[in-house]
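The next block holds one structure in the form of structure tokens; read it before the comments.
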């Protein structure tokens, strides 16, 4: 009976999808602000509020996200800085929760190249991506990353286009507000990305330390369960 109930359970949606409604609301709010800057009739702005429940706002978010390949998404957040996974050893060394000695014992020496480092870190991430601290940090990262993408699209379309239909002074303030919005959100995404990496390393470090400690037979199974977690359904996650 218990097995039948598990079969009927629907898998949770990808983390990025849980953010779409908020991202749609953010997009609509920025469109409404543009309407004010452009001097549109406030009565007409009411139609924007209908977009979200009608599903058009959610569709727009999906379309915008598809315009950015993975490398560009990372570039919008990290600029010229390395991705956190490719410098996990430095981040772990500066986190009091992490013992890099335990990480190396469990997963081998730190690779030399950034791509190899990121690949090794991603393998560790897959073992702990279902932990609450990792899920929350990853959800926050995906939200702020996608928010940053939306800010760039709005800046290119409405921020620059505003000078063609709105008062130059008002258009300047609107474009500046979009740029500041992007910078703030981009910084948040960068910090959340680092948080994902360090949270994973902290969990992996603790699990490796526990695995290496003396234990009785009844404890060995629990440690194996912690170390050997297998995760599925990471279609859109921090590491991709």
Rg to Rh, two decimals, where the stretch 69-227 supplies the alpha carbon set and Rh follows Kirkwood
1.16
Please report the relative contact order for the stretch 69-227, taking Cα pairs under 8 Å with a sequence separation of at least 6, and give it as a percent rounded to a whole number.
34
Between the modelled labels at residue 172 and residue 211 (7 Å from Cα along Cα→Cβ) the distance in nm is 6.0
In whole Å, what three semi-axes, largest first, describe the equivalent ellipsoid of the stretch 110-204 built from its Cα gyration tensor (square root of 5 times each eigenvalue)?
38, 13, 9
Starting from the exponent 0.38 and prefactor 2.2 Å, build the expected Rg for the stretch 149-190 from its residue count and divide its actual Cα Rg by it.
1.18
At R0 = 35 Å, how high is the FRET efficiency between residue 94 and residue 165 if r is their beta carbon distance? Nearest 0.05 is fine.
0.10
Mean Cβ-within-10 Å packing, highest first, puts peptides 99-108, 24-33 in the order 24-33, 99-108
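Using per-residue counts of other Cβ atoms within 10 Å, averaged over each peptide, order 171-177, 149-155 from highest down.
Ranked from most to least packed, the peptides come out as 149-155, 171-177.
Values in this text are rule-based calculations from the coordinates and carry no lab data. All of these numbers come straight from a predicted model, not from anything done at the bench. All Cβ positions, glycine included, derive from the backbone under ideal geometry; neighbour counts span all protein chains shown.
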